[in-house]
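Q: Take this structure, written in structure tokens, and hold onto it; I'll ask about it next.
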Amino acid sequence: MATLEAHRTIDAVWRIESARLIAGLTRMVHDVGLAEELAQDALVAALEQWPESGVPDNPGAWLMAIAKRRAIDQFRRRETLERKVEEIGRDLETRHAPSAEPDFDAIDSNISDDMLRLVFISCHPVLSTEARVALTLRLLGGLTTEEIARAFLVPDSTISQRIVRAKRTLAQKKIPFEVPSGDELTSRLSSVLEVVYLVFNEGYSATGGSDWMRPTLCEDALRLGRILAELVPREREVHGLVSLMEIQASRARARLGPDGEPVLLFDQDRARWDRLLIRRGLAALDRAAALPGEAGPYELQAAIAACHARARTPEETDWARIAARYARLVQLVPSPVIELNRAVALSMAFGPEIGLEIVDELNQEPSLKNYHLLPSVRGDLLAKLDRHAEARDEFSRAAGLTRNERERTLLLARAEESAAAAH
């Protein structure tokens, strides 16, 4: 097998198998940092051997065999071989070739539980939000440090330090490799969903840099969400989040112009929306609604996204229903950002005057002082009321606040349009 082809195959195998590999190893060695090191050792062995020997029939089993053998070597050096080999499987010590097929039945039978444990430990609230995001993408997404750094526009060393500190913190705090139960499950699951949605949002509307979107981050978040939905199928908010991401991702192709410039919702060619992703999103929303309990924040946001997805034209959008759902959402999660979105929906349903009244009140909100979408929305409402000079000032202020170059260009263009209309 050609080296380049082999490396591409290994990269694809790693993306598929790495999370399961690290999850299984973490259960065995009780240390997520050591588990990742063992998995990386197995990856290096694959890079060395597969170009010559070819990809084995069961690449995941091959990687696990190598990693477990490395674990035995580690424990031998620590003079705890006998106890650890009994846990890992004494028979592996006598096997010589990684292609020999070990007994993986016990591992496979626990793989879903191990994956779920890895999800919860990667997103443990003892870690900072930035660390949770980096560790989740590394352990569950299979991304390299360089890929994560490139996605978030930070130096490689920053991501590397976050991951190292996160693994050290988990070890020092002796965080158990387990699925939480009872009330703790709800709060911990919320942390997991937050991380997944943060990753998706950074891909969907990049906070900085020269690109309006980073599709690979959306894809990584969607993959994590779908895995989570399989692992905890009875959790309503998990399906709500998957639905929200599927429907939002369906607009990706229509959100970018020929030169990568942003295309706003009302200007998008809805024929370019991905109908398959919309169907998947609506199906996930139905699954959420079929489960016991009340709709949570992610499900409500998905229901709002579904209103847009069902409208074949902007004029068909049920803005009154969207405004009502935002009202429910702000009751569940009081937030000035949600209130800003509600103002937009009300302005579309009942006129810009109503929306502007709410936005003017939000102008006094300290937490929105540097939030560029507040002056952007206010500028749009003022323009609709033919108050173009004021709209120009708002769009200019918004352009000065955003860190995304594409968005800044769009806002400055809108400021110029308002300036021209004012004369």
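Q: So Val126 ticks every box in (1) without any contact (Cβ under 8 Å) to a residue 60 or more places away in the chain; (2) touching a Lys or Arg at 6+ places or on another chain (Cβ under 7 Å); (3) surrounded by 16 or more Cβ atoms within 10 Å (Cβ to Cβ); (4) in a loop (DSSP other than H, G, I, E, B) but one. Which box is left unticked?
A: (3)
Q: Let me ask something additional. What number goes with the only condition from (1) surrounded by fewer than 20 Cβ atoms within 10 Å (Cβ to Cβ); (2) touching a Pro at 6+ places or on another chain (Cβ under 7 Å) that Pro215 does not pass?
A: The failed condition is (2).
Q: State the number of residues belonging to the stretch 50-60 that are surrounded by 18 or more Cβ atoms within 10 Å (Cβ to Cβ) and assigned to a helix (DSSP H, G or I).
A: Qualifying residue count, the stretch 50-60: 4.
Q: Checking the structure you have, find out if any residue of the stretch 112-120 is modelled with pLDDT under 80, over 19 Å from Thr216 (Cβ atoms) and assigned to a helix (DSSP H, G or I). Before the answer, list the steps.
A: Just the residues of the stretch 112-120 that are modelled with pLDDT under 80, to begin with: 112.
Now drop any that are not over 19 Å from Thr216 (Cβ atoms), which leaves 112.
Now narrow it down to the ones that are assigned to a helix (DSSP H, G or I): 112.
Within the stretch 112-120 (the criterion being modelled with pLDDT under 80, over 19 Å from Thr216 (Cβ atoms) and assigned to a helix (DSSP H, G or I)), the answer is yes, since at least one residue qualifies.
Q: Kindly establish whether Asn370 is touching a residue at least 12 places away in the same chain (Cβ under 8 Å) and not in a helix (DSSP H, G or I).
A: yes
Q: One residue is enough: does the stretch 378-400 have a residue meeting the conditions open to solvent by 70 Å² or more (accessible area, probe 1.4 Å) and either more than 27 Å from Ile322 (Cβ to Cβ) or in contact with a Lys or Arg (Cβ under 8 Å, 6 or more places away or on another chain) (or both)?
A: Taking the stretch 378-400 as the starting set, the residues that turn out to be open to solvent by 70 Å² or more (accessible area, probe 1.4 Å) are 384, 386-387, 390, 392-393, 397.
Still in the list and also either more than 27 Å from Ile322 (Cβ to Cβ) or in contact with a Lys or Arg (Cβ under 8 Å, 6 or more places away or on another chain) (or both): 392-393.
Looking for residues that are open to solvent by 70 Å² or more (accessible area, probe 1.4 Å) and either more than 27 Å from Ile322 (Cβ to Cβ) or in contact with a Lys or Arg (Cβ under 8 Å, 6 or more places away or on another chain) (or both), one finds at least one in the stretch 378-400, hence yes.
Q: Okay, moving on. Can you name every residue in the stretch 296-312 that is open to solvent by less than 20 Å² (accessible area, probe 1.4 Å), touching a helix residue (DSSP H, G or I) at 6+ places or on another chain (Cβ under 7 Å) and either among the aliphatic types (A, V, I, L, M) or modelled with pLDDT under 95 (or both)?
A: Leu300, Ala302, Ala303, Ile304, Ala305, Ala306, Ala309
Q: Further, regarding this structure: Can you pull out the residues in the stretch 331-367 that are part of a helix (DSSP H, G or I), under 30 Å from the mean Cα position of the chain (by Cα), among the hydrophobic types (A, V, I, L, M, F, W, C) and within 27 Å of Arg403 (Cα to Cα)?
A: Once the filter is applied, which keeps residues that are part of a helix (DSSP H, G or I), under 30 Å from the mean Cα position of the chain (by Cα), among the hydrophobic types (A, V, I, L, M, F, W, C) and within 27 Å of Arg403 (Cα to Cα), the stretch 331-367 yields Val337, Ile338, Leu340, Ala343, Val344, Ala345, Val359, Leu362.
Q: Would you mind finding the one in Glu353, Glu390, Glu407, Glu357 that is touching a residue at least 24 places away in the same chain (Cβ under 8 Å) and over 24 Å from Arg251 (Cβ atoms)? Even if it seems obvious, please write down each step before you answer.
A: Values: Glu390 fails: touching a residue at least 24 places away in the same chain (Cβ under 8 Å); Glu407 fails: over 24 Å from Arg251 (Cβ atoms); Glu357 fails: touching a residue at least 24 places away in the same chain (Cβ under 8 Å).
After ruling out the rest, the residue left standing is Glu353.
Q: Pull up the stretch 242-271, narrow it to residues that are in contact with a strand residue (DSSP E or B) (Cβ under 9 Å, 6 or more places away or on another chain) and of a type outside the set (A, V, I, L, M), then point me to the one that is nearest to Asp318 (Cα to Cα). Give the steps one after another, and end with the answer.
A: Our first condition is that a residue be in contact with a strand residue (DSSP E or B) (Cβ under 9 Å, 6 or more places away or on another chain); within the stretch 242-271, this holds for 255-256, 262-263.
Restricting the remaining residues to those that are of a type outside the set (A, V, I, L, M) gives 255, 262.
Values: Arg255: 21, Pro262: 24 Å.
Among those that are in contact with a strand residue (DSSP E or B) (Cβ under 9 Å, 6 or more places away or on another chain) and of a type outside the set (A, V, I, L, M), it is Arg255.
Q: Further, regarding this structure: Test of understanding: among Arg406, Arg414, which residue is more than 16 Å from Glu339 (Cα to Cα), touching a Phe, Trp or Tyr at 6+ places or on another chain (Cβ under 8 Å) and modelled with pLDDT under 95?
A: On the way: Arg414 fails: modelled with pLDDT under 95.
Result of the check over Arg406, Arg414: Arg406.
Q: Please go through the stretch 129-140 and give me each residue that is under 15 Å from Val192 (Cβ atoms), not in a loop (DSSP other than H, G, I, E, B) and not basic (Lys, Arg), ordered by number.
A: Passing the criteria: Thr129, Ala131, Val133, Ala134, Leu135, Thr136, Leu137, Leu139.
Q: Select from the stretch 295-322 the residues that are among the acidic types (Asp, Glu) and over 24 Å from the mean Cα position of the chain (by Cα) and write down the one among them that is nearest to Val344 (Cα to Cα).
A: Of the residues in the stretch 295-322, the ones among the acidic types (Asp, Glu) are 299, 315-316, 318.
With the extra rule that they be over 24 Å from the mean Cα position of the chain (by Cα), the set shrinks to 315-316, 318.
Working: Glu315: 15, Glu316: 16, Asp318: 13 Å.
Only one residue tops the list, namely Asp318.
Q: Just to verify a result, which residue in the stretch 141-194, among those that are in a loop (DSSP other than H, G, I, E, B) and within 19 Å of the chain's Cα centre (by Cα), is surrounded by the most Cβ atoms within 10 Å (Cβ to Cβ)? Steps first, please.
A: Pass one, the stretch 141-194, residues in a loop (DSSP other than H, G, I, E, B): 141-144, 153-155, 173-182.
With the extra rule that they be within 19 Å of the chain's Cα centre (by Cα), the set shrinks to 141-144, 153-154.
Numbers: Gly141: 26, Gly142: 22, Leu143: 22, Thr144: 15, Leu153: 15, Val154: 15.
Looking at the filtered set, the residue picked out is Gly141.
Q: What's the total number of residues in the stretch 22-31 that are open to solvent by 10 Å² or more (accessible area, probe 1.4 Å) and either in contact with a helix residue (DSSP H, G or I) (Cβ under 9 Å, 6 or more places away or on another chain) or of a type in the set (Phe, Trp, Tyr) (or both)?
A: Initially, the stretch 22-31 is screened for residues open to solvent by 10 Å² or more (accessible area, probe 1.4 Å), giving 27-31.
Now drop any that are not either in contact with a helix residue (DSSP H, G or I) (Cβ under 9 Å, 6 or more places away or on another chain) or of a type in the set (Phe, Trp, Tyr) (or both), which leaves 27-29, 31.
Residues flagged as open to solvent by 10 Å² or more (accessible area, probe 1.4 Å) and either in contact with a helix residue (DSSP H, G or I) (Cβ under 9 Å, 6 or more places away or on another chain) or of a type in the set (Phe, Trp, Tyr) (or both) within the stretch 22-31 amount to 4.
Q: Might you check whether a residue that is part of a loop (DSSP other than H, G, I, E, B) and touching a Pro at 6+ places or on another chain (Cβ under 9 Å) occurs anywhere in the stretch 270-289?
A: If we filter the stretch 270-289 for residues that are part of a loop (DSSP other than H, G, I, E, B), which is where we start, we get 273-274.
Subsequent filtering for residues that are touching a Pro at 6+ places or on another chain (Cβ under 9 Å) retains none.
Scanning the stretch 270-289 turns up no residue that is part of a loop (DSSP other than H, G, I, E, B) and touching a Pro at 6+ places or on another chain (Cβ under 9 Å).
The values are calculated or read from the model by the stated rules, or taken from the named source; none is laboratory data. As the structure is a computational prediction, the values presented were derived from the model and not from experiment. Neighbour counts are summed over all protein chains in view; Cβ atoms, including those assigned to glycine, are modelled from backbone coordinates with ideal geometry. Surface accessibility is based on the protein's heavy atoms, side chains included, excluding ligands, DNA and RNA. Shrake-Rupley method; radii C 1.70, N 1.55, O 1.52, S 1.80 Å.
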